[in-house]
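Here's the structure, in structure tokens; my notes come after.
The values are calculated or read from the model by the stated rules, or taken from the named source; none is laboratory data. Just so we're clear, the structure is a prediction, and the values are computed from it rather than from any experiment. Reconstructed Cβ throughout: ideal geometry from the backbone, glycine too, with neighbour counts over all protein chains shown.
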Amino acid sequence: QKEVEQDPGPLSVPEGAIVSLNCTYSNSAFQYFMWYRQYSRKGPELLMYTYSSGNKEDGRFTAQVDKSSKYISLFIRDSQPSDSATYLCAMSAYSNYQLIWGAGTKLIIKP
Amino acid sequence: NAGVTQTPKFRVLKTGQSMTLLCAQDMNHEYMYWYRQDPGMGLRLIHYSVGEGTTAKGEVPDGYNVSRLKKQNFLLGLESAAPSQTSVYFCASRPDLTTEAFFGQGTRLTVV
């Protein structure tokens, strides 16, 4: 079993819908949680960063961390065709030099 | 501020040939990483470095070597390329263990 599980999709939704992307993990030592967005033929770019549990909001994007359930989520409100990309979750513990990655979810927003 | 720059962006190799991929960062980051990304496989760590002069193996190190002689540069070498090494390679850097990683734009390598 992988340390981080993420449904690869693709997830196809109509423009304007609320999108929910999720990752589950097994290592309770993880403290730092990230969501990256990757457009086709580009490098991943940080979208949201959260330390420990709780919510963080940035414009149309909200990141949630539930450490008790070992579950993180990214919500996208009022989704746009420009949000079509692959979304990767990543997490780490302070004692670990490596970031642990989900497989990425391909999101398609239909106009 | 260029961030993380990878050279080259594209390359086609014949089986058995060697090459070096260069990653350069101008942010004075301590930690640097080489990943490969294949369809449906996500990012897999090849090698990483925790500072100048250090290297360590990641998840899929076989067939690759690395060096970090200068803090700003992290080189990935393929001594004898194989078709299984056809992939997109990404370099990333982090200033410390509490922050996010910054990525280069990738090198698309095809081994024929």
Query raised in the report: With respect to residue B:97, is the statement that it is without any contact (Cβ under 8 Å) to a residue 60 or more places away in the chain and either more than 9 Å from chain A (Cβ to nearest Cβ) or surrounded by 15 or more Cβ atoms within 10 Å (Cβ to Cβ) (or both) true?
Result: no
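Going by the conditions given, is residue B:64 touching a helix residue (DSSP H, G or I) at 6+ places or on another chain (Cβ under 9 Å) and among the hydroxyl-bearing types (Ser, Thr, Tyr)?
yes
Name every residue in the stretch B:41-57 that is among the charged types (D, E, K, R), assigned to a strand (DSSP E or B) and over 27 Å from residue A:40 (Cβ atoms), in order of residue number.
The one that is among the charged types (D, E, K, R), assigned to a strand (DSSP E or B) and over 27 Å from residue A:40 (Cβ atoms): B:57.
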**Report entry** Filtered residues of the stretch A:56-111 (kept if within 20 Å of residue A:40 (Cα to Cα), touching a helix residue (DSSP H, G or I) at 6+ places or on another chain (Cβ under 9 Å) and assigned to a loop (DSSP other than H, G, I, E, B))
**Finding:** A:111
**Report entry** Members of the stretch B:67-100 found to be modelled with pLDDT under 95 and not charged (D, E, K, R), listed by number
**Finding:** B:95, B:97, B:98, B:99
Report task. Please enumerate the residues belonging to the stretch B:23-40 that are within 11 Å of chain A (Cβ to nearest Cβ), in a loop (DSSP other than H, G, I, E, B) and surrounded by fewer than 14 Cβ atoms within 10 Å (Cβ to Cβ). Result -> B:39, B:40
Query raised in the report: touching a Ser or Thr at 6+ places or on another chain (Cβ under 9 Å), in a loop (DSSP other than H, G, I, E, B) and more than 10 Å from chain A (Cβ to nearest Cβ), is that true of residue B:81?
Result: yes
Report task. Check the stretch B:58-73 and report whether any residue there is assigned to a loop (DSSP other than H, G, I, E, B) and acidic (Asp, Glu). Result -> yes
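Residue-wise test of (1) under 10 Å from the mean Cα position of the chain (by Cα); (2) within 14 Å of chain B (Cβ to nearest Cβ); (3) at negative phi; (4) surrounded by 14 or more Cβ atoms within 10 Å (Cβ to Cβ).
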site	(1), (2), (3), (4)
A:54	no, no, no, no
A:57	no, no, yes, no
A:61	no, no, yes, yes
A:65	no, no, yes, yes
A:79	no, no, yes, yes
A:83	no, no, yes, yes
A:105	yes, yes, yes, yes
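Mind checking whether some residue in the stretch A:42-50 is closer than 12 Å to residue A:89 by Cβ, surrounded by fewer than 17 Cβ atoms within 10 Å (Cβ to Cβ) and within 14 Å of chain B (Cβ to nearest Cβ)? Write out each step before concluding.
Quick first cut of the stretch A:42-50, residues closer than 12 Å to residue A:89 by Cβ only: A:44, A:46-50.
When the remaining residues are screened for being surrounded by fewer than 17 Cβ atoms within 10 Å (Cβ to Cβ), the result is A:46.
Now restrict to residues that are within 14 Å of chain B (Cβ to nearest Cβ): A:46.
Yes: the stretch A:42-50 contains one or more residues that are closer than 12 Å to residue A:89 by Cβ, surrounded by fewer than 17 Cβ atoms within 10 Å (Cβ to Cβ) and within 14 Å of chain B (Cβ to nearest Cβ).
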Report summary line: Being closer than 21 Å to residue A:43 by Cβ, away from chain A (no Cβ under 11 Å), among the hydrophobic types (A, V, I, L, M, F, W, C) and surrounded by 20 or more Cβ atoms within 10 Å (Cβ to Cβ) narrows B:103, B:74, B:90 down to just B:74
